[in-house]
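One structure is given below, represented as structure tokens, and several questions about it will come after.
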Amino acid sequence: KAGLGSTQFLSAVQTELCLPGVKMKGLKGSVKYWDGQFDDARLALALARTAATRGALVVNYCAVTDLLHEQGRIVGLRCQDEEFGTEYTLRAKCVINAAGVWVDEIRQKDGAALHRIVRPMVAPSQGVHLVVDSDFSPGDHAMLVPKTQDGRVLFAVPWLGKLILGTTDTPRHDLAREPDAYAREVDFILGESAKYLKRAPSRADVRSIWVGLRPLVRPPDDEEGDNTKKISREHTVLVSPSGLVTVTGGKWTTYRAMAEDVLRKCIEASLLFDVPPSQTADYKLVGAGDGGVTRVSLTAAPGLDSYGCESDYVQSLEGHDQEITPGLSESMVRFAVRFEYARCVEDVLARRFRLLFLDARLAAQVAPRVAHVALDLTGSLVEGEPVEGPTLVRDLQAPSWTLDRSETRGVHTVARRGLGRTLGQENLGPIDEACRRAGNFRGRQCVDRA
């Protein structure tokens, strides 16, 4: 439980010492304060794997297709394995809808079953981040401009060896699975960055771009949800007349409080009983270990330190001495497929090792080799069949100059031909033995199909 530190007022000279890349013209000073930083995808992964050790059944790429109701109460759902196309019917005493910006889609299914009109509760807001090289603002300090020309916030945050520039707050109603940045959002970030950085980044300097949708809970008097900048970021938990529990809004900072609120609502609605007090405040996640792990700043490029106390096991796997790109070895790909629920190349390069978020072109270059390693692990690559990586990045001069999602899926398909049969009879080793005992959904499925 490390303290963060006290707030300080800095002069212009002191500010430049902390932010060597800041533009000095017109600078009067700054306020230095502290905040937390983390790798969101790897924390989500650690939470899922930890839950699996405690008996949870974790399944990805399995979409809900319908809800089950009996006598006006929800009693389960139907889902479909997106890899095999197999459909399943799951019955449950309690169904929790935590689908982010897509919670209203599930709520509409619930309302239709009861012949009720369901008013949308989410006002999606799009946030865009641009990634450039760290030399635009060297060091491990972040810069925050609390009020830009149009009132939005601008930040430049060092993260995993690069610099993140953001962000925007744009209403988005189409709920695209892979949304693209609007040209005006890119122009805003680059234009505002140029006002505060000595060296202004251009489109040619952008290594990657992220676009995310925030599930903001719209206030009762906001019918359109178009003023997302003023909408609260707090979470909301609702229980429908059928008993469907929905949670949305909120942010990573309060994820444990959100989970506790959900369970409390479930108990109040008599959906769950005999729930013990929460122990998650001090519960160590997979990889935390018992100390002795060297802490590495998140401003440094990713590497073995991302695995915590599991790093030695990753190093024991085949390919630990075969580097695919700086920081990423073949053994990391093998670990991602065997133990981290990776089902496709994008899973590995975007959400296990964050290369797609840091340098999209480099991710495109190494994608074929990642596919080969993954397919070699599953033993299902057709002998002599070439694995080619389609172009994953559009021309930066194009109107929508970001990852071409349709082309990216071509690389996904290459890997998915084999990953559907992974884990079935794998020797898991000591780290996830508890996960194996809890039962791996795909592992059992693959064994049954063998």
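The values are calculated or read from the model by the stated rules, or taken from the named source; none is laboratory data. Please read these numbers as outputs of a predicted model, since none were measured by experiment. Cβ sites come from the backbone with ideal geometry, for glycine too, and all protein chains shown count toward neighbours.
Quick check on Val122: is it at pLDDT 95 or above and within 30 Å of Val206 (Cβ to Cβ)?
Taking the combined requirement at face value, the residue does not satisfy it.
For the range 173-194, which residues satisfy the criterion of being surrounded by 14 or more Cβ atoms within 10 Å (Cβ to Cβ), at negative phi and not small (Gly, Ala, Ser)?
Once the filter is applied, which keeps residues that are surrounded by 14 or more Cβ atoms within 10 Å (Cβ to Cβ), at negative phi and not small (Gly, Ala, Ser), the range 173-194 yields Pro179, Asp180, Tyr182, Glu185, Val186, Phe188, Ile189, Leu190, Glu192.
Residue-by-condition table, conditions (1) surrounded by fewer than 18 Cβ atoms within 10 Å (Cβ to Cβ); (2) in contact with a Gly (Cβ under 6 Å, 6 or more places away or on another chain):
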residue: Val296; (1), (2): yes, no
residue: Gly308; (1), (2): no, yes
residue: Glu318; (1), (2): yes, no
residue: Ile324; (1), (2): no, no
residue: Phe335; (1), (2): no, no
residue: Glu340; (1), (2): no, no
residue: Glu346; (1), (2): no, no
residue: Phe353; (1), (2): no, no
residue: Leu358; (1), (2): no, no
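Looking at Arg49, Arg73, Arg91, can you tell me which residue is surrounded by fewer than 11 Cβ atoms within 10 Å (Cβ to Cβ) and among the basic types (Lys, Arg)?
Among Arg49, Arg73, Arg91, only Arg91 is surrounded by fewer than 11 Cβ atoms within 10 Å (Cβ to Cβ) and among the basic types (Lys, Arg).
Right, another one. Just a yes or no: is a residue in the range 253-260 under 22 Å from the mean Cα position of the chain (by Cα), of a type in the set (Asp, Glu) and in the same structural domain as Val239 (by TED's automatic domain parsing)?
Yes; the residues of the range 253-260 include at least one that is under 22 Å from the mean Cα position of the chain (by Cα), of a type in the set (Asp, Glu) and in the same structural domain as Val239 (by TED's automatic domain parsing).
Please specify each residue of the range 271-285 satisfying the condition of being of a type in the set (A, V, I, L, M, F, W, C) and more than 28 Å from the chain's Cα centre (by Cα).
Of everything in the range 271-285, those that are of a type in the set (A, V, I, L, M, F, W, C) and more than 28 Å from the chain's Cα centre (by Cα) turn out to be Leu271, Leu272, Phe273, Val275.
Does Ser232 satisfy the criteria of being in the same structural domain as Ala48 (by TED's automatic domain parsing), in a loop (DSSP other than H, G, I, E, B), small (Gly, Ala, Ser) and at pLDDT 95 or above?
no
Does Phe38 fit the bill of being part of a loop (DSSP other than H, G, I, E, B), in contact with a Phe, Trp or Tyr (Cβ under 9 Å, 6 or more places away or on another chain) and within 30 Å of Glu346 (Cα to Cα)?
It is true that Phe38 is part of a loop (DSSP other than H, G, I, E, B), in contact with a Phe, Trp or Tyr (Cβ under 9 Å, 6 or more places away or on another chain) and within 30 Å of Glu346 (Cα to Cα).
Additional query: Name the helices (runs of 4 or more DSSP H) wholly within the range 236-350 that hold at least 1 residues that are within 30 Å of Val131 (Cα to Cα) and of a type in the set (Asp, Glu)?
Ranges flagged: 330-339.
Evaluate the following for Gln365: is it farther than 30 Å from Ala56 by Cβ, surrounded by fewer than 22 Cβ atoms within 10 Å (Cβ to Cβ), of a type in the set (S, T, N, Q) and at pLDDT 90 or above?
Here the answer is yes, as Gln365 does meet what is asked.
Return only the number of the condition from (1) closer than 24 Å to Arg218 by Cβ; (2) free of Cβ contacts under 8 Å to residues at least 60 places away in the same chain; (3) buried (at least 17 other Cβ atoms within 10 Å of the Cβ); (4) assigned by TED's automatic domain parsing to the domain that holds Ser30 that Leu163 does not satisfy.
(1)
Could you list, in sequence order, the residues of the range 46-98 that are within 17 Å of Thr246 (Cβ to Cβ), assigned to a loop (DSSP other than H, G, I, E, B) and free of Cβ contacts under 8 Å to residues at least 40 places away in the same chain?
Within the range 46-98, Ala92 is the sole residue that qualifies.
Among the residues of the range 140-160, write down those that are more than 21 Å from the chain's Cα centre (by Cα), outside any loop (DSSP other than H, G, I, E, B) and surrounded by 18 or more Cβ atoms within 10 Å (Cβ to Cβ).
Matches in the range 140-160: Met143, Leu154.
Which residues, taken from the range 7-32, are part of a loop (DSSP other than H, G, I, E, B) and either in contact (Cβ under 8 Å) with a residue 24 or more places away in the chain or in contact with a His (Cβ under 8 Å, 6 or more places away or on another chain) (or both)?
Thr7, Leu19, Pro20, Gly21, Lys23, Met24
Continuing with the same structure: Does the range 126-139 contain any residue that is in contact (Cβ under 8 Å) with a residue 40 or more places away in the chain, assigned by TED's automatic domain parsing to the domain that holds Phe155, buried (at least 16 other Cβ atoms within 10 Å of the Cβ) and assigned to a loop (DSSP other than H, G, I, E, B)?
yes
With respect to Glu330, is the statement that it is touching a strand residue (DSSP E or B) at 6+ places or on another chain (Cβ under 7 Å), surrounded by 20 or more Cβ atoms within 10 Å (Cβ to Cβ), more than 21 Å from Lys162 (Cβ to Cβ) and not β-branched (Val, Ile, Thr) true?
yes
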